[in-house]
1. Consider segment D:174-231. How many of its residues are of a type in the set (Phe, Trp, Tyr), out of contact with any His (no Cβ under 8 Å at 6 or more places or on another chain) and touching a residue at least 40 places away in the same chain (Cβ under 8 Å)?
2. Would you please name the residue that is modelled with the lowest pLDDT, looking only at residues in segment A:1-37 that are within 16 Å of A:Cys71 (Cα to Cα) and part of a helix (DSSP H, G or I)?
3. Hey, which of the helices (runs of 4 or more DSSP H) in segment C:182-245, taking only ones fully inside, have at least 2 residues that are buried (at least 21 other Cβ atoms within 10 Å of the Cβ) and β-branched (Val, Ile, Thr)?
4. In this structure, is C:Gln147 without any contact (Cβ under 8 Å) to a residue 12 or more places away in the chain, farther than 18 Å from C:Val176 by Cα, facing chain D (nearest Cβ under 7 Å) and surrounded by fewer than 23 Cβ atoms within 10 Å (Cβ to Cβ)?
5. Can you pull out every residue in segment A:86-104 that is part of a helix (DSSP H, G or I) and either more than 8 Å from chain D (Cβ to nearest Cβ) or over 21 Å from A:Phe216 (Cβ atoms) (or both)?
6. Can you name the residue in segment B:89-106 that is within 9 Å of chain D (Cβ to nearest Cβ) and of a type in the set (A, V, I, L, M, F, W, C) and is also nearest to B:His173 (Cα to Cα) among such residues?
7. Given D:Ala224, D:Ala242, which one is touching a helix residue (DSSP H, G or I) at 6+ places or on another chain (Cβ under 9 Å) and either away from chain C (no Cβ under 14 Å) or among the β-branched types (Val, Ile, Thr) (or both)?
8. Can you list the helices (runs of 4 or more DSSP H) lying wholly within segment A:115-201 that have 2 or more residues being modelled with pLDDT of 85 or more and away from every other protein chain (no Cβ under 14 Å)?
Amino acid sequence: MLIFTILLDGIAYGMVLFIISVGLTVTMGLMRVVNLAHGAFAMLGGYLASVMIRHYGIPYVPAAFLAAIACGALGGVAELTIYRPLYRKGELAQVLLTFGLIFISIAAMTLIFGPRPIDESMPKWLEGLVDVGFRTYPTYRLFLIGVGAALALALWFIIERSLFGARLRAAVDDPGMARAVGINVNLLFTLTFVGGCALAGFGGAIGAGILPIDPFYALRYLVLFLVVVVIGGLGSFRGSLAAALAVGIIETAGKYLVPQLGSFLLWIIVFGLLLWRPNGLLPAKTAS
Amino acid sequence: MRRILAAVVGAAMLAGTTLASAEVVKVGIIAEFSGPFAVWGTQFRQAIEAFQKVNGKTIDGHEVQFVYRDVGGADPAKSRALAEELILRERVKFIGGFALTPNALAVAEIITEAKIPTVIFNAATSIITRKSPYYVRTSMTVQQYIDPLPTWAATEGKMKSAYVLVSDYAPGHDAEEIFINNFEKAGGKIVGKARIPLNVTDFAPYIERAGGSGAEAVYIFMPAGAPSISIIREFAKRGLKDKGIKLLAGGEVQEVFLPAIGDDVVGTISSMHYTETNTYPENIALRKTLMEMFGANAVPDIGSVGAWDGTKLIYDAIKAHGPRITGDQFVAFAKGRKWDSPRGPIMIDAQERDIVQQVYLRRVEKRDGKLVNIDFFKSGMVRDPWKIANPNAK
Amino acid sequence: MRALPSREEAPVLSIRGLCKNFGALAVTQSVSLDLHPGARLGLIGPNGAGKTTLVNLLTGMLTPDAGDIILNGEYIEKLKAEQRVKRGLVRTHQINTLLTEHTMRDNVAIAVAERLGYAWRTLRFGPQWRACQEEAHAQLAELGVAQAGDRRVSELPYGQQRLLEIAIALALKPKVLLLDEPGAGIPSTESHIIDEALEKLPAEIAILLIEHDMDLVFRFAKKITVLVQGAVLTTGVPAEIAKNPEVRAVYLGRSQQV
Amino acid sequence: MNQPITPASTPQLNLPASGLTALRPVDAWHLAPWIIALAFYFLVPPGFHTLGTNVLVMILFTLSLDLALGFAGIITLGHAAFFGVGAYAAGVMVSKLTPDPIMGLLLATALAGVLGALTGMLILHTQGVAMFMLTLAIASIFYEVANQWRSVTGGDDGLTVPRPAALLAYFGFEGFRFDFAGKTAYLYALSVLFVWFLIAWRIVKSPFGRSLDGIRQNPRRMRAIGTPVWWRLVAMYGISCAMAGSAGALQAHAIRLVGLKSLELELSGIVAVMLVLGGERRLYGAFLGAAFYVLVHDWAAAINPFYWMFVVGALLVAVVLFLDGGLMGLLDRIAALFGRKKSGEEQASGDAK
């Protein structure tokens, strides 16, 4: 039975990582921007949802969606003003600027909301336990698994089956070629960035029960999001899903089975994987 | 580059001349004002400002000036550098602050050499005050404030078995030791324990194991803030609370954190040397001043009282010995001194320069829509149990 | 460094039965070639004939599935790219591959330093680096572009960048030089500069010229090998190749449609 | 473009004299940082020397990153790992093996260099994001080792380092004792920085350094001229890590406390900030960037410790977006504005590039 509990816990954790990281993998694969500040959008989503729920009485799910929309809009503005000049610069400039954005976000959130983690805002209907056959299990985590799976399915449909997705994949493979065949790559970048940030905001909002929101969110979980993206392969949607679930399950299993190893386990695995497959598990591009 | 240097040099010289001509007593505060532990710095500062508002900024016409320095987290090297800076550049007479043990330990050698008395407002590892004769602690030690909890739980609390979850760092190990010792001494049974790495964010596995262990109570010790909030939420969400398992805690359920945890926390039992809802006049004054100065949401915590009492000790010493007080005079003054703190009566141990105080057992309740801790048990004056058990450890 | 007269008869580079497959696709099928010192061999073939693959196999960017590459009597197919260069097998690139932030002369000087193995000597590098600069200057002067030596590569006109590719290769004192489409991207009005540069190449170097520009190949090469679908179709002097009906069919005819 | 290409147009090659022996009067500005550093020692009141030492240590650390990241283009977000290794090694040396600081410094430097070269061998065949994730992974593993190996490192309490012996005690000279005000530590750090600066200077001007500059721009080109790219990168990374280890050792000797912070991601990030702030590939950029950052931080933290992160963050965004070449680039532009044509600085920058 332990194995099923590990799997459920790992998948719930992995789904939160997936929802937040999938936007990052697409922007890193498509725009080739190392966006360390991605977590800041997730954090913002968490804060906004909490404010809406607690101060304006908006219910949980609509609040998460509104937070996602707000994060998407802000992401769009950021793409147009701050990120666009970055595309032509090197990785180092990107790393540093987005590092700077993390610092600013930490300071801003501390200023506005104070240094403490934000207050609990989970609705009653998510708080209980559900009988899943072999045991009772927290509703909230099942909710996360369900939402994550639904989002993964929707994203799969958008990316693999829609025209937008076809353009997106073409641009990830070869931006120059995409431009040459008449795809408006700039618009595509902006839309994708908006989508990625909206997803991050949504993930931040509904994942707050597992990754609590405080001003240091963006820095604390930065490495975790990057691990998911890089292990999965930049720009690879399937890869990020697989990597997020893998990271979730490995971390959870580690805690259950070998708690004394701490985060050694994850890092050793990351290190080995990247040496073995520098382009990730399921790279988006066939040619390396 | 040259200009910056010139400015720095100039400013330093200016500071030097003013120091020589005015009777200003400077107190350096080394604390966490940024970083994940920024709450502490804020609480210290607000308590000091509140104290100064109540008691004035001067003593017999001599100004007491607080100089704040941010150590930004557990960074002993920086803490040490800051202490050096405060002593050499700012010429402080006292140092105070320190939320985290490593930062407090880091200055031991410097304050000994420079004979600068250092008042610890929070850091709670027992050994600290043995590392320099100039340390005085006005906060607590981990084992001190946990001491009555396991004994009570196994006896009056009627909990026969417990599972112990602590963060994997020095204070966590101290907590684990005293809880297990006292619980077993009082006839309880420890059915399992785990040390959780500090960077863990998802506590489901640990809570799951604790819940499955058959324990009647789960004791947790975590750094206050995000981790402790997550673990208490997880405790309720995993149904441990509904199963009737008791949650035992400490600093994790201070009043400031309760809204962040939510109603899940109701019923949690904790031991602490300060309860925010107590009715000592000093506590009422502290709460009132904090709310006047910093708004309705300002809630005192153990950091506030540590800083409040530390500031009071420094004020009283200056009152007694004047602005030219030496380090040795201060330490002699502090030894054995008793006064009424917002937390109740306290005393500085004459040998150890460590605090002796009452410990309260409280339960989280919801009163008037607010989550608060309510005392239900009060111990006698508790000396640090670790120091009693290890009289010669250095 | 120069090829000894006694070795004149022996090929400086020979390729024996070289094969490379990408999955099921055989891109190089048992190719054999000999280059003697002073050779001027043109390699032509339609798009997809495997010219680039062959260059990559020779330079060590790809490892062959079968076959031998013998340079000066040494089997080199197991060697790394840079080791082959050290042994005298040097290439130019179809797409400029230059240090764009450096000056033209520094590009060449770095190559000279590399050839002389100065990289690990840091104690007395001053005079050595001077010597590299001087040799680089001379090399550029030989190609007639020394006046631009102080300009950054990114500021140079395209034609001069093409010449720089050749200058760097020559600075390595190659025994065998693979010229990968040296004329690529140069407007026809300027193509004479490549012609002039090719004429100045030291006579003793064996040269394999891979080129799309038929006129250039036929002007420069003394022999031509035609590659089709990864295999050698035929080898001969330019006049023969031009007349060969098979070549016309698979190559010239098709190329005119392009 | 249609210039006739004839040997007649070939100009004479007039190379500037090379090497340190051939400095001309216009190059006198090279002395400026060292004169300022010495003046600092004599002019500032006690209490500022430790700040100065901190600046010097950070300059050295930034300089090490300039070699790896600036010149060789190795994108690393884990350089603090080697700073930390140096610091812990030096600390353990003083407390367990020998109080002689020079011996500790040499050992710490060697250890960091060897570890750098070994890990470099593993990761330097990768590129881009994979490489910087690997550097991050290595730093995290080092951090975990230090965190768990409490008996040696002290865990989060940090490693308290006893006062080292006088600087040249090994040679029977007791004059340079480490004093409370940190004046000796300052001179010690300055000397070590000077030695490393000379080494770095030689490296970047040598064919070795130039080949790495080439690898950063175009590894294919360098392979095509016969450069063993991987080996060169490993060598440069090793040197850079050794240098970072020296910086860590200096800090261990000067502050006499080594904490886990010296291995954290944050420090790796901050040193990259200092480098870009000062200007990459300029050597002196490390001086400007580190000095500016440490002094601004010291000043901003004293005024308002709450939101110094705003300052750092805004600074970063501004430098990346508006200040190509960092402070050195700004100096160049100012110099150009005053019409000092072909100043020593510009030339130095040209050479370095």
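The values are calculated or read from the model by the stated rules, or taken from the named source; none is laboratory data. Bear in mind the structure is a predicted one, so any value in this text is a computation, not a measurement. Backbone-built Cβ (ideal geometry, glycine too); neighbour counts: all protein chains shown.
1. Of segment D:174-231, the ones of a type in the set (Phe, Trp, Tyr) are D:176, D:178, D:180, D:186, D:188, D:194, D:196-197, D:201, D:208, D:230-231.
Next, only the ones that are out of contact with any His (no Cβ under 8 Å at 6 or more places or on another chain) stay: D:176, D:180, D:194, D:196-197, D:201, D:208, D:231.
Next, only the ones that are touching a residue at least 40 places away in the same chain (Cβ under 8 Å) stay: D:194, D:196-197, D:201.
Summing the residues that are of a type in the set (Phe, Trp, Tyr), out of contact with any His (no Cβ under 8 Å at 6 or more places or on another chain) and touching a residue at least 40 places away in the same chain (Cβ under 8 Å) in segment D:174-231 gives 4.
2. The qualifying residue modelled with the lowest pLDDT is A:Thr27.
3. Qualifying helices (runs of 4 or more DSSP H): C:191-199.
4. On the way: without any contact (Cβ under 8 Å) to a residue 12 or more places away in the chain: yes; farther than 18 Å from C:Val176 by Cα: yes; facing chain D (nearest Cβ under 7 Å): yes; surrounded by fewer than 23 Cβ atoms within 10 Å (Cβ to Cβ): yes.
The answer is yes for C:Gln147.
5. Correct list: A:Leu86, A:Glu91, A:Leu92, A:Ala93, A:Gln94, A:Thr98.
6. B:Leu100
7. Working: D:Ala224 fails: either away from chain C (no Cβ under 14 Å) or among the β-branched types (Val, Ile, Thr) (or both).
Among D:Ala224, D:Ala242, only D:Ala242 is touching a helix residue (DSSP H, G or I) at 6+ places or on another chain (Cβ under 9 Å) and either away from chain C (no Cβ under 14 Å) or among the β-branched types (Val, Ile, Thr) (or both).
8. Of the helices (runs of 4 or more DSSP H) lying wholly inside segment A:115-201, those with at least 2 residues that are modelled with pLDDT of 85 or more and away from every other protein chain (no Cβ under 14 Å) span A:139-161, A:163-173.
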